[in-house]
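K.L.:
Below you'll find the structure I mean.
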Amino acid sequence: MSEATLLRALGALLSYPHREFVAALPEIGEALARAGEVPAAERAALAALVEEMQRTDALELEERYVDMFDRGRATSLNLFEHLHGDSRDRGPAMVALMDVYARAGFRMATKELPDFLPVVLEYLSCRERAEVVAMLGDCAHILRAIGDTLLARDSRYAAVFAALLAVAGEEGLDRSRAPRAAADPAFDDDWAEQPAFAAPAADAGARGSTMHFVPPRQPSGGRH
C-alpha cells in the first residue's frame, strides 16, 4: 500500500464518524492491514480500532468521538491548540501553515482549521516522503502527547498516533499505559470524505516542510 493511502486512511479514522465513513470502514480496515510501513503490533491495534467502530452503534460512535476530541485541550486534533492555546501566537501560526499549503499549490476546501490533524494528513498524502517525515517529526511531541493521553484513557484511537509516529520514524507511545490486547483484523479511495483541499496547481513543485510545530523558545535568564 502506498504511503499516501496510509496517511489518508489514518486521517479518516480521526475524522468525525459520519454515515459514509462508517460504511467504508471495511475498506479502510483492509487497507490498513496491508500497511507495511506500520509495525505488526500497531497494525493489529488499528484493526482492533476499526473492528470496535464497526460494532458500535452510529450514535454512540459520534458521541464517543465528540467526548474524546472536542471536550478539552489534551486530545484536541487541532495541533496548534497544544502549542499556542488561546494565545495571540496561534493566528500567525495558522497563517504560516496556510502559506505552506499555498506554496505547494493547494487551496483549502473545508471549514476545518488548517492545523486540524486530518487536514494536515491529507496534505502530506500528496507530498514527498521527505516532507512527510519532516512535518510529522516537527509535531511528533504533540502526536505522542495525544496518543499517551488516549492510552491512559484506554482509547483504541491511540493506535492512530502510534502508527503516525512509526511512519515518521519517531519514538512511539508509552506502552506502560497500553490498552487491552488488540484483536486480529478484518480502501480503496472510495472511502474518502469531502477533500480538505482543492486540486493542486499543475506546476506546483516539491518543497521541504517549512512549518515547525515546536514550542516557542523561552527567554533566557532568571526572573527580575
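Readers should treat all values here as calculations from the given coordinates under stated rules, not as data from a laboratory. Predicted model, so just to flag it, every value in this text is computed and none were measured. So basically every Cβ, Gly included, is an ideal-geometry build from the backbone, and we count neighbours across all protein chains shown.
K.L.:
Pop out the ³J(HN,Hα) list for the range 157-173 in order, Karplus 6.51 cos²θ - 1.76 cosθ + 1.60 with θ = phi - 60°, rounded to Hz; leave Gly and Pro as x.
P.N.:
So the Karplus estimates, Gly and Pro as x, are 4, 4, 4, 5, 6, 5, 5, 5, 5, 5, 4, 7, x, 9, 4, x, 7 Hz.
K.L.:
Then there's this: Output the peptides 102-115, 7-20 sorted from most to least packed, where packing is the average of other Cβ atoms within 10 Å over each peptide's residues.
P.N.:
On the way: 102-115: 16.4, 7-20: 20.4.
Per-residue Cβ counts within 10 Å, averaged per peptide and sorted highest first, yield 7-20, 102-115.
K.L.:
Identify the trypsin sites (Lys or Arg not before Pro) of the range 60-99 meeting these criteria: DSSP loop state and at most 15 other C-beta atoms within 10 Å of the C-beta.
P.N.:
Working: sites: Arg64, Arg71, Arg73, Arg88, Arg90; in loops: Arg71, Arg73, Arg88.
Answer by residue number: Arg71, Arg73, Arg88.
K.L.:
Non-local amide H neighbours of Met108 (under 5 Å, H modeled in plane, Pro and chain starts lacking H): which ones?
P.N.:
Amide H neighbours of Met108, under 5 Å, 5+ apart: Ala198.
K.L.:
Could you work out the mean projected area of the convex hull around the alpha carbons of the range 1-133, in square nanometres to one decimal? Don't skip to the answer; put the middle values down first.
P.N.:
On the way: hull surface 35.2 nm².
With every direction weighted equally, the projected area is 8.8 nm².
K.L.:
What does the charge count near Ala35 come to, summing +1 for each Lys or Arg and -1 for each Asp or Glu among other residues with Cβ under 13 Å from its Cβ? Don't jump to the answer; show the numbers that get you there.
P.N.:
On the way: positive: Arg8, Arg34, Arg43; negative: Glu3, Glu30, Glu37, Glu42.
So the surrounding residues net to -1.
K.L.:
Residue separation times 0.36 nm, minus the C-alpha to C-alpha distance between Arg153 and Arg129: what's the value? Could the numbers behind the result be given before it?
P.N.:
Working: separation 24, 0.36 × 24 = 8.64 nm, distance 3.21 nm.
Gain in length upon complete extension: 5.4 nm.
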